[in-house]
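The values are calculated or read from the model by the stated rules, or taken from the named source; none is laboratory data. As the structure is a computational prediction, the values presented were derived from the model and not from experiment. Please note: Cβ atoms are built from the backbone with ideal geometry, for glycine as well, and neighbour counts cover all protein chains shown.
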Amino acid sequence: MGRLTFQGGVHPIYRKEITNDRPITPIPAPAQVIIPLQQNIGAPPEPLVAVGDLVKVGQKIADTEAFVSAPVHASVSGKVVAIENRLSPIGKEVPAVVIESDGQAIPLEDLQPYPALEEMSPDDLRRAMREGGLVGMGGAMFPSHVKVTAPQGKKFELVIINGSECEGFLTCDHRIMLEWTDDVIYGTRALMKVTGVEKAYIGVEANKQDAIDILREKLGAEEGIEVKPLEVKYPQGAEKQLIKALTGREVPSGGLPVDVGCLVQNVGTTATFARYLKTGMPLVDRVVTVSGSSVKNPGNYLVKIGTSFGYILDYCGIIGEPKKLISGGPMMGVAQITPEVPVVKGTSGILLFDKKDVPVGEARPCVRCGKCVDVCPVYLLPVYLMDYTLKGMLHRAEEYHILDCIECGCCSYTCPSRRPLVQTIRMGKADVLARRKKRQ
């Protein structure tokens, strides 16, 4: 059987060999962590602590009664020294709790493992997800307990575990599949139970054959969970493209995976959910790939949420003449203006590139080659969406389904004129949404 894939997409420079054989290595906790309260799509949680309070690892420090939200927990034990706005890797200042570590990593006494899956109901698992602060760790940071809750009148038929990791340089999910294999499988079973489905696919790109092999070996003849090799292509890990590749189903314009009966969950989130159920320790750390031409000791590191990029880069060592710092992958990641931003739940990578690897070129007029149209995995017309945005023709951009853009960057990557297509479309989407809100 051939490798599964979707229409469109590109084959960027992957450079995964830099770190794909580097095991997950813990980085010592820093003297201070900055924990942003907004680490999820939806309502931001409110602080539950005050300046001067002593906290322990795993203690809830922010929460809200809003459904679409997720609590935040202390990643170190120590003293709260500030609650103030701090710069986040998403590019803006947000409220944050600053904790000065006591160096002892004292865990909260109340943390206990959950019962076996057989003894837990779907509602129990859903509540556990929320209490653990689980969000999409592939970057979207959508609250997991919301994602596994099907809207009224709809139901899940299939769980898809996203092990594609199609972005270049990133290998944290690869290492999780190799080193936390049992957790990936346990977490998959938990997701099957919470959604009430009997079938799950673990989609893994073919450049991770060792992960495919170990998952299949561990699963053995177990029924219900299948490992599906995928063609190596970007953005294979985007939800709609992954669903298309694995099932042939197409999520409708403006729709969600549940509209075609699917739940897609990142493999890192899946493993972290399992580890939380087994230990009771909520989401206080995560695996981050640190790579790029200006990193002396690249690798996959287990770091505390709230650890600054600068601390991690100093630990790994900096070489050459650093020019560009990215949170996430090279295609969809966010360039940073300073390394003094903290790791959040959705930080999959920290990439630092030498100036020789960051060429700067002027955008030129469109040559009407159509490459952006050919590679768009959502079948859009990026060239028109950019023009409509620049001309303020938002009604036309909306008619051309600008909100369906997944901002993968394939159009900008392939453009021979170096036009900022995805960047302009991103602004256009924001303008269209603002226009819609004003009309309401």
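Some observations on this one:
- Selection count where residues are hydrophobic (A, V, I, L, M, F, W, C), under 20 Å from the mean Cα position of the chain (by Cα), farther than 20 Å from Val258 by Cα and in a helix (DSSP H, G or I), scope the range 181-206: 2
- Residues that are out of contact with any Lys or Arg (no Cβ under 9 Å at 6 or more places or on another chain) and of a type in the set (D, E, K, R) were ranked within the range 234-250; the one that is farthest from Gly163 (Cα to Cα) is Arg249.
- Those residues of the range 89-107 which are touching a residue at least 24 places away in the same chain (Cβ under 8 Å), under 24 Å from Ile326 (Cβ atoms) and not in a strand (DSSP E or B), in sequence order: Pro89, Ile90, Gly91
Residue by residue, here is whether (1) surrounded by fewer than 24 Cβ atoms within 10 Å (Cβ to Cβ); (2) under 30 Å from Gly248 (Cβ atoms); (3) at pLDDT below 95 holds:
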{"position": "Val264", "(1), (2), (3)": "no, yes, no"}
{"position": "Thr269", "(1), (2), (3)": "no, yes, no"}
{"position": "Phe273", "(1), (2), (3)": "no, yes, no"}
{"position": "Lys278", "(1), (2), (3)": "yes, no, no"}
{"position": "Gly292", "(1), (2), (3)": "no, no, no"}
{"position": "Val295", "(1), (2), (3)": "no, no, no"}
{"position": "Pro298", "(1), (2), (3)": "yes, no, no"}
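Residues are listed down the side, and each one gets a yes or a no for (1) assigned to a loop (DSSP other than H, G, I, E, B); (2) surrounded by fewer than 16 Cβ atoms within 10 Å (Cβ to Cβ):
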position: Leu325; (1), (2): no, no
position: Thr347; (1), (2): yes, no
position: Lys356; (1), (2): no, yes
position: Pro365; (1), (2): yes, yes
position: Tyr379; (1), (2): yes, yes
position: Leu385; (1), (2): no, no
position: Thr389; (1), (2): no, no
position: Arg396; (1), (2): no, yes
position: Ser412; (1), (2): no, no
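- Residues of the range 418-440 satisfying the condition of being surrounded by 15 or more Cβ atoms within 10 Å (Cβ to Cβ) and either outside any helix (DSSP H, G or I) or not acidic (Asp, Glu) (or both): Arg419, Leu421, Val422, Thr424, Ile425, Arg426, Gly428, Lys429, Val432
- Leading residue by the ranking (nearest to Pro71 (Cα to Cα)) among those in the range 333-345 that are hydrophobic (A, V, I, L, M, F, W, C) and surrounded by fewer than 20 Cβ atoms within 10 Å (Cβ to Cβ): Val334
- Scope the range 60-88; condition part of a loop (DSSP other than H, G, I, E, B) and over 18 Å from Val135 (Cβ atoms); matching residues: Val76, Ser77
- Residue within the range 416-429 that is over 22 Å from the mean Cα position of the chain (by Cα) and free of Cβ contacts under 8 Å to residues at least 12 places away in the same chain present: no
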